[in-house]
Amino acid sequence: MEYNHLDWKSYLVGQSYDGAASMQGKYNGLQTKIKEVNPQAIFVWCDAHRLDLIITSAVGSCAKAVDLFGNMEKLFTFISCSKKRISMYREKQKKLYPNARIRALKKVETTRWMSQAYALTTVLETLDSILETLEDIKSLEGQVDFKTGAECTGLLCFLQSFNFLLTAHIFKTVFDFIEPVSRALQAHNIDILMAIELIKKTENNIKGLRSSDVFFNIYESVKKIAKDNNFEFELTLLTRRVRRVPRQSGELSNDEQINDPVMAYKINTYFIIIDKVLSELNKRFNNNSIMIAKDLSL
């Protein structure tokens, strides 16, 4: 700035960085240091990056979500580590979907925005070919290498479980609302006011998901998919040692355990995922950031 004779201390009106604490931190970040000298230099954080952080938070919000994306990452590593396995996966797709574009498994844990959504879509749309590929790897390599055989068995059991199908379709429903907003926020010819309306509409759509009726609609549709494909089609309640929590002063009864697996899933997984997305949307796209965006659009 000094080289180009730019007086940022007097005339700078805006600054924007990524989400690193050293850049956007409100105590010792660069944006704070600049505002100490020039208070009118408003800091604006990339909205597309904020949206991606919401997805990242939801992916780690509960045990079923961690299992889903952890096993998808394991699947990617298992097949992508060998050119032979990649070729088998491609050949299965050619056989099962002759008129479709050949897909490649996507890595889940990347810095690419919406990487979880792209990875999940690929797995769901090519699930039959993935299962046949794993079966072939198990029969060809698993007889010699017991570790490979065990990994195939574990992935096959998970990918044919009702827990996988239900959690995957719940996230697919959420991603279907968020992905168009992510694309709009990254567009070169972005209309800021339109993007703000999209964010508000997405928040309202996700609020609409937080009901028992919507959950049971998803549950029944996934149950039909499972039956049609001869997968597991019932949720099971994990048996685990019950932790004894000391009763606090003034409490009249202990917390009751939920014995219905469907109800337990709705409360401990479905509502947790939806609530996490809603709370993150409210935190990262609050009135302050929206008002700044409206001012910029003018």
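The values are calculated or read from the model by the stated rules, or taken from the named source; none is laboratory data. Bear in mind the structure is a predicted one, so any value in this text is a computation, not a measurement. Positions of Cβ are backbone-derived with ideal geometry, glycine not excepted, and every protein chain shown enters the neighbour counts. We work out accessible area using only protein heavy atoms, side chains counted, and drop any ligands, DNA or RNA first. Shrake-Rupley method; radii C 1.70, N 1.55, O 1.52, S 1.80 Å.
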Two-decimal Rg/Rh across the range 1-118, once Rg and the Kirkwood Rh are taken from alpha-carbon atoms: 1.22
If exposed trypsin sites (Lys or Arg not before Pro) are those in a DSSP loop with at most 13 other Cβ within 10 Å, what is the longest stretch of the chain that has none? 113-239
To the nearest 10 square angstrom, how much accessible area does residue 44 have with a 1.4 angstrom probe? 50
Within the under-14-Å Cβ sphere about residue 187, not counting residue 187, Lys/Arg +1 and Asp/Glu -1 give a net charge of -2
Size of the dipole of the range 130-183 about the Cα centre, Lys and Arg at +1 and Asp and Glu at -1 on the beta carbon, nothing else charged, in debye to 20? 240
Specify which labelled value, from [x] -0.76, -0.84; [y] -0.61, -0.73; [z] -0.50, -0.61, agrees with log10 I(q)/I(0) by the Debye sum over Cα atoms at q = 0.09, 0.10 Å⁻¹ derived from the coordinates of the model shown. [y]
Taking the Cα centre of the range 1-108 as origin, work out the dipole magnitude from +1 charges on Lys and Arg Cβ and -1 charges on Asp and Glu Cβ, in debye rounded to 20. 1140
Taking amide H positions as placed 1.01 Å from N in the peptide plane, with prolines and chain starts having none, which residues 5 or more places from residue 42, or on another chain, fall under 5 Å of its amide H? 14, 15
List, in the order given, every pair from 74/223; 106/283; 92/172; 106/200; 92/138 whose Cα-Cα distance in the structure shown is over 22 Å. 74/223; 106/283; 92/172; 106/200
Relative to the first principal axis of the alpha-carbon coordinates of the chain, what is the inclination of helix 63-80, with its axis defined by its Cα atoms, in degrees from 0 to 90 and to the nearest 10? 80
Just to verify a number: FRET efficiency for residue 258 and residue 221, C-beta to C-beta distance, R0 = 22 Å, to 0.05? 0.45
Given a 1.4 Å probe, the accessible area of the chain per residue, as a whole number of Å², is 60
Extension gain from residue 49 to residue 30, taking 0.36 nm per residue of separation minus the Cα-Cα distance: 5.0 nm
Let me spell out the model: positive unit charges on the Cβ of Lys and Arg, negative unit charges on the Cβ of Asp and Glu, origin at the Cα centre of the chain. What dipole size does that give, in debye rounded to 20? 320
FRET efficiency, residue 201 to residue 236 (Cβ-Cβ, R0 45 Å, nearest 0.05): 0.75
Carbon/sulfur fraction of accessible area - the chain, other protein chains in place, 1.4 Å, %: 53
Residues residue 128 and residue 295, FRET efficiency given R0 of 41 Å [Cβ-Cβ distance, rounded to 0.05]: 0.20
